[in-house]
Amino acid sequence: MEQQTSRRVLCVGLCCADIINVCDHYPKEDTDQRSADYYWQRGGNASNSSSALALLGANVEFLGTLVRGREFLTDDFAAYGIHADQCPVYEESPGVKGAVAVIVINRQNGSRTIMAAINHVPELKMEHFQNIQLHNYRWIHFEGRQNIDEIEKMIQRVQEYNTSCNTDQRVSTSLEFEKPRLPGLGRLLDQVDYVFVSKDLAVSRGYQNKEEAARGFMHSCRPGGTVICAWGDDGAAAKTGSDDVITSPVYSPKTVVDTLAAGDTFNGATIFALSSGLDVGGAIRFGCMVAGTKCGMVGNKGIK
Ligand code: ADP
């Protein structure tokens, strides 16, 4: 699968530093125990999805707020070949320390427990998106975060551009609706072409499986829109308009060692496939294959 033109995929959202402790079993509260390994990784949902896209061969850019002094993150974008030069960079101050997530990975089952301190960096605003030259992009993916009004303005700018350009110059849009604590994002679902809904969010709304969730969230999408729902070790489902729900099985690695960013990898790989011209069924299968491969390894460097 190859991308036919050099127009970029843009991932808009969070970049944070992930500090990861790998444990032989999940720790008990108020105990003092050794971890088997530790390392840091560039994290944040949009940042992780851009990594998957880059590893698969897409021309990809990340847009999100950064903090001066965290050059290891910008160096890592560069090492993956991800453009990040339009990101606003804030000076460090008592309220602006950069986002950090402390993560425990349990070696026994690959589970990841995340404690994220993400409110230490300002959210992206419309003014940071204003100068993005939309004709350079084939796809813009928005990570749904608390800057809902600003994301809405960004999406509206893309919509206005799309109505003024030739069909082959249109920019496809997608939105990740992941966090149950941000119900306000629901009002944006009918403004994008593709909606990625997480299992966590779907379960918090009472859905018991991926098929029901895809059908249910479809009612909030635009006519012609598509909802995609990853469901952990049960694969993923998608629904477009009045078509039946399409599903993909999970692709299990021999051993599940690290599920951190499985969902972000799924989103990135699915966007890669869709923006390369694959249909929705093929795209979610490809997303599940790549995400499954990722779960069988530490980090993501070998997903292709
Ligand atoms: P998140 O990381 O956001 O919680 P999910 O757990 O829903 O996302 O996983 C996203 C995708 O990753 C799934 O659709 C599946 O393809 C893959 N995946 C997740 N867990 C496993 C697993 N244990 N084995 C194989 N693939 C998995």
Of the residues in segment 199-216 that are of a type outside the set (D, E, K, R) and surrounded by fewer than 23 Cβ atoms within 10 Å (Cβ to Cβ), the one that is nearest to residue 170 (Cα to Cα) is 216
Kindly check whether there is at least one residue in segment 153-166 that is under 24 Å from residue 47 (Cβ atoms) and in contact (Cβ under 8 Å) with a residue 60 or more places away in the chain. yes
Considering segment 167-185, residues that are free of Cβ contacts under 8 Å to residues at least 12 places away in the same chain and not hydroxyl-bearing (Ser, Thr, Tyr), and then whichever is surrounded by the most Cβ atoms within 10 Å (Cβ to Cβ), we arrive at 170
| request: Report yes if some residue within segment 27-45 is among the basic types (Lys, Arg) and either within 30 Å of residue 279 (Cβ to Cβ) or surrounded by 13 or more Cβ atoms within 10 Å (Cβ to Cβ) (or both); otherwise report no. | output: yes
All-but-one check, residue 124 against (1) more than 30 Å from residue 41 (Cα to Cα); (2) within 17 Å of the chain's Cα centre (by Cα), failing number (1)
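Values quoted throughout were computed directly from the atomic coordinates according to the rules given, and no laboratory measurement underlies them. Keep in mind the model is a prediction, meaning the values are calculated, not measured. No Cβ is skipped: glycine too gets one built from the backbone with ideal geometry, and neighbour counts run over all protein chains shown.
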